[in-house]
Amino acid sequence: MSTLGRDSGRVTVLKALLLSASVLLALWSIATPPGLLAAVAGTLFATFLAHRLEAARLRILNWVVLGVGIALTGQLAARLLSAFGSFLPPWFTLMFADALVLGFTCFGFFLALRLCSSRWRAFSVVELALVVFSVAHAFADHRHMRIHQPRFLSDWAWSHGVEPEPVLAVLGVTAMALSALLLLRVSRARRLVSMALLFLGGILVLLVGEPPRLDVPKEDELGVRGNENKDDKDNKNKGGSNSNKSNKPPEPIAVAVLHDDLPDSDALYFRQAVRSKLVGDRLVEDGSGAFDTDVPTRFPAGSPVQVTLTQAAEFHRRLRTSMYLLVDHAQLFGVGFPEEIAPLSNPNPRRFVAAYDVNSLFLTRPVERMLGRSSMPPEWPEEQRAHYTAIPPDPRYTELSERIVRDVDPRFVGDDIMKALAIKQYLEKEGFYSLEEKTLVGDDPVAQFLFGDLRGYCVHFAHAAVFLLRSQGLPARVAIGYGVQTQQRGAGSAVLIFANEAHAWPELYVDGVGWVTFDIMPEHSDEPPAPHVDQDLESALGELARKDPAGTLEDTAPLVIPWELIGFITVTLAGLALAGAFVVKFWRRLGRGSHRLVYRSVLDVFSDLGQARHPGESRERHAHRLAERAPSFVPLTSAHLRLTLGHDDPESRAQVEALAKATRAELRARTSLLARIGGLFNPVGWWFTR
Amino acid sequence: MRRLFDRLRRVFPLRAGALILLAAAAALVFLWAPKEADFLLYPAGLVALLLVVVCTVLVVLGTWSLRRTVKALAVSVPERLETTRPTGTGFRIPSLSRWLVLDVGLSWVEPLGLEVRLEPLDGQLAEVVTAKERGRYTRIVRRFTVEDVFGLTRSSFDVEWTVALAITPASAKQGAQLAAGRSQGETLANPAGRAEGDLVEMRQYAYGDSMRHVLWKVYARSRKLLVRMPERALAPGPISVAFFVAGVDDEASAGAARLYVEAGLLGADLLFTADGSVVPARSARDAVEQLVDSATQRGRGGEALDAAAAQIDPGRLTSCVLFVPPVDGAWRERVVGFVRKHSLSASVIIGVDEVGEAPAPPSRLNSFLFQPDATLDTARPSLKALRAALEAEGLPVKVLHRTTGQIS
């Protein structure tokens, strides 16, 4: 087999360069300059040594053991140097130890890997993966939609009017196409052509294919989205919100661009759905259409979606926001209480999955200033009252709520708002916010939480608050969506919403005001404070949403590539070339007059079928090679040569024409229809006629 | 079951590397990239998927195309091949070079042990085979392999042809030592001369002649380098009975036997019998045929000696030449018993492909890192002991190196 066996010298040099480059990329940010130098030297030396050893009969597994031994030797030497090198300058010890570790490790590792891949070709895939992942590692900052990272790439791309993603994609394709070199054994021109085709194929796939999208956050058992997909073994986040224990940066899932000033509030609540219907021991969305009609449930297809709010205008201010979703969501969400949702032109379909405008009402008065108001509207029919006050048939809910409201200030006895605040205060004071409490997910998790140790996360607090409020006859429901801490974000008008900000909170109905966000914020928590939002990312995504990715770099002229013009010119030129080739083909095929033209027309027919004369092949040999398919071709060639060499007479000319005709007829008879059709549509066969 | 598995493995185009790449690429495209929103690894994974899919499709189509072409081809194998000699069979297959990423390979499944090389010729690939072992076959099975240049996918199929093929052992080289030895006045007659002997007592010096035989006085007078010729036997009694004993690694011995037979070193009135045959061959051609047939008798070397001797006139069976394999085996006892039983004056000739002493055993580090050299003649380490054992039985032994013709 021609492709098996040893690597050729040229291929070995290419592989050595590729592997060294991948080592440089992988270690660039963590190694000292001598360490980098030693790592590259070790890689190069190992690659060339493995090439020399390939021909020998090696005990590969023993060489792998030797490679591991060499790597461990480097580690040991570095430790010894660190332990006993106190007489040396610290900088020297650090750099020399780094060089020892990386040089020996790279040498041992790549020696073993190269020898394995020379014996078993499947190991070449490991080398390929190594190169691709080292490139990916160098650009890993862009993951989780942090498209402004790495800065050198995104700044360059945006300053030239190009999105960073296509640049990253081209880098990925190039890395893979180059890494495919590691699978080759010998280099030949046609292999390089295949690599180029692979590259072009990759680019084509990119043009046709969709960019990757983040997964839709899953729901937990009580119905909140957002944090479920962080299921690493060492990360126990389970539902709830605002967890920061993960090593991964949080994933942005939407950008909200505010068209008005940011309301004065600690948190912005983006409501997605509400759960008010009691089924068994938990709340679900009401599907009857009779309740929760103030919550938009469908996407505006063409015309805006409007809902009838029950909110009183005097307690709210109007707020217009534009939402740009980075991740698919089953239901739309908007800040405050959305009143109208209108479709919006998607500024970047490869990045955003949906865009829409939201006109909403935002409550401006805190609930504490609503004391004295009753909660249940007197005009509500009995069915609606029952719907929003239904609780599980567990007497403990009422007993607990009675105990809580018994202790309120005597001046406010019987005040609905005071009752609600007492319940809120109880839960905030006694409850413990923790994402570790997995055991609460199961049968009747709210009762387990409320009558247990009160350790849980937002979903448990929201449900517990709703049941306690309802047990006091106060209409309440659970809202689900995203809660964004305003203290943690930047000053721009764009609000970045992350997946880990998924949240559930209670809503209390107050007569004359409407639904009021009634979030429970436990005083005790084992969760670290939320990190500050990356303002660069927030502003970058906001600018992209506004179709202004260059941001402040407006002075730089964007690189506008006239793709349509280039495409038109390319297609036109290709069409003209094709037409020209066919004109030449059929003009040559006429072959009238000179015996040379007649003979050439026959040669063209053979060329169309892939039977052109090879370099170095004489005309006679060519004719004999094709004698089986066209026996008349041999005398035709002889006659043509006779005429060419000076024996010109009319009889010979007539003979050439007759033989050419016979040759064509024989070829027609002995060539399959498919091949003949292929030959007919071959525009460049004549090019190979010799 | 194993055959079925082998067959499936040949037909299933994806190799281990492709499966690993496919799994990794699928994980990148469908799991990792959506989870991490990695815009670099996603296209890289897509390209990897594309690579595997394209290679698979091309290999399957290329195999189908090659199979169609090959089915229509004639066997194109010469009736006789010779071991160690590369021979163009005239069999040609398409190179599939226009498929860009495809390579074509060819091997012989039956007979085994042939090296097959494909040489580009007129845009096609011409088959050149080098046989390693002699034998006679009634069919050949060629295995055609189509694989991509990245080594990810491969597919192969077998095609069988019915053909009579004989692979003869390559003859040993006739060296000067042998040329000189055959003219010595021993019991071996010089077949190049007349049976009653030549009157020539000196001849032109030839490479390999001993310096002791140079006629220095003649050289001083005439500047012609002549050597003395040993006197010939007065009563030439040509030894024309020879036996070939088959055994392990006996190709070089078969080559030596062929040299002796074809060069007439055993005299004009030849009686040669190889294992597996009973009726003695009387011509070089028949003797070579017997050598070819003896390839199947390696496990039963020397068993047929008595039966072969029974076919020979007892009057002629006073002395003989025995060609034996270089690796000791059960044949030795049979040979020694045969010689004793018939009270023969026998000389033994062993053919080898390697010369010189066996190399020193490798160091511990060397043997830890390297496997023993497989090209080393397995006979070398034990040849000395075998020779000593045969000589202890009163059998004079000559070892002939097939490639150089040197005798020791």
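The values are calculated or read from the model by the stated rules, or taken from the named source; none is laboratory data. In this text, all values refer to a predicted model and were calculated from it rather than measured experimentally. Cβ: placed from backbone, ideal geometry, glycine included. Neighbour counts: every protein chain shown. Please note that ligands, DNA and RNA were not included when accessible areas were found on the heavy atoms of the full protein model with its side chains. Shrake-Rupley method; radii C 1.70, N 1.55, O 1.52, S 1.80 Å.
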Single condition A:A46 does not satisfy, out of (1) under 25 Å from B:G151 (Cα atoms); (2) modelled with pLDDT under 90; (3) away from every other protein chain (no Cβ under 13 Å): (2)
Mind listing whichever residues of region A:643-661 are hydrophobic (A, V, I, L, M, F, W, C) and touching a helix residue (DSSP H, G or I) at 6+ places or on another chain (Cβ under 8 Å)? A:L643, A:V656, A:L659, A:A660
Those residues that are assigned to a helix (DSSP H, G or I), more than 14 Å from every other protein chain (Cβ to nearest Cβ) and either free of Cβ contacts under 8 Å to residues at least 60 places away in the same chain or basic (K, R) (or both), I need them from region B:65-91; list them, please. B:R67, B:K71
Can you run down the residue pairs with Cβ atoms below 8 Å, 6 or more apart or on separate chains, where the first is in region A:39-62 and closer than 18 Å to A:T73 by Cα and the partner is open to solvent by 30 Å² or more (accessible area, probe 1.4 Å) and of a type in the set (S, T, N, Q)? A:A39/A:T105; A:G42/A:T105
Can you pull out the residues in region B:92-113 that are more than 12 Å from chain A (Cβ to nearest Cβ) and among the charged types (D, E, K, R)? B:E110
In region A:134-150, how many are in a helix (DSSP H, G or I) and without any contact (Cβ under 8 Å) to a residue 40 or more places away in the chain? 4
Of A:R121, A:R79, the only residue that is part of a helix (DSSP H, G or I) and in the same structural domain as A:L178 (by TED's automatic domain parsing) is A:R79
Considering residues that are within 7 Å of another protein chain (Cβ to nearest Cβ) and of a type outside the set (D, E, K, R), the number found within region B:30-53 is 14
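Residues are listed down the side, and each one gets a yes or a no for (1) at pLDDT 85 or above; (2) more than 18 Å from B:V47 (Cα to Cα); (3) more than 7 Å from every other protein chain (Cβ to nearest Cβ):
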residue	(1), (2), (3)
A:S118	yes, yes, yes
A:D155	no, yes, yes
A:W158	no, yes, yes
A:P166	no, no, yes
A:A169	yes, no, no
A:A177	yes, no, no
A:L204	no, no, yes
A:L207	no, no, yes
A:E210	no, no, yes
Among the residues in region B:353-369, are any modelled with pLDDT under 85, hydroxyl-bearing (S, T, Y) and outside any helix (DSSP H, G or I)? yes
All positions within region A:315-359 that are of a type in the set (A, V, I, L, M) and not in a loop (DSSP other than H, G, I, E, B): A:L319, A:M323, A:L325, A:V335, A:I341, A:A342, A:A354, A:A355, A:V358
A:R10 being part of a helix (DSSP H, G or I), among the charged types (D, E, K, R) and open to solvent by 40 Å² or more (accessible area, probe 1.4 Å): yes
Of B:L81, B:L4, B:L112, B:L96, which residue is open to solvent by less than 20 Å² (accessible area, probe 1.4 Å), at pLDDT below 90 and either within 32 Å of the chain's Cα centre (by Cα) or not assigned by TED's automatic domain parsing to the domain that holds B:T138 (or both)? B:L96
Among the residues that make up region A:161-176, is at least one of them in contact with an Asp or Glu (Cβ under 7 Å, 6 or more places away or on another chain) and among the small types (G, A, S)? no
All helices (runs of 4 or more DSSP H) inside region B:247-346 with 2 or more residues being at pLDDT 90 or above and open to solvent by less than 20 Å² (accessible area, probe 1.4 Å): B:251-262, B:284-293, B:330-341
Only residues that are under 50 Å from the mean Cα position of the chain (by Cα) and farther than 23 Å from A:F315 by Cα: list them for region A:396-420, please. A:R396, A:Y397, A:T398, A:L400, A:S401, A:I404
Here the qualifying pairs (Cβ atoms under 8 Å; residues six or more apart or on different chains; first in region A:354-377 and more than 17 Å from A:E314 (Cβ to Cβ); second assigned to a loop (DSSP other than H, G, I, E, B) and among the hydroxyl-bearing types (S, T, Y)) come out as A:A355/A:S345
Tell me, yes or no, whether region A:632-654 has at least one residue that is over 16 Å from A:L603 (Cα atoms), of a type outside the set (S, T, Y) and within 60 Å of the chain's Cα centre (by Cα). no
Exactly one of B:A27, B:A16, B:A23 is at pLDDT 90 or above and either in contact with a Cys (Cβ under 7 Å, 6 or more places away or on another chain) or facing chain A (nearest Cβ under 7 Å) (or both), and that residue is B:A16
Can you tell me how many residues within region A:477-503 are within 16 Å of A:I253 (Cβ to Cβ) and either part of a strand (DSSP E or B) or not assigned by TED's automatic domain parsing to the domain that holds A:L421 (or both)? 13
Checking the structure you have, find out if any residue of region A:277-288 is closer than 22 Å to A:R318 by Cβ and open to solvent by less than 30 Å² (accessible area, probe 1.4 Å). no
Take region A:659-679 and flag every residue that is of a type in the set (A, V, I, L, M) and surrounded by 16 or more Cβ atoms within 10 Å (Cβ to Cβ). A:L659, A:A660, A:A662, A:L667
Check whether at least one residue in region B:139-149 is under 22 Å from the mean Cα position of the chain (by Cα) and not charged (D, E, K, R), and report yes or no. yes
Can you tell which of B:V52, B:V47, B:V104, B:V60 is modelled with pLDDT of 90 or more, surrounded by 18 or more Cβ atoms within 10 Å (Cβ to Cβ), of a type outside the set (S, T, Y) and part of a helix (DSSP H, G or I)? B:V52
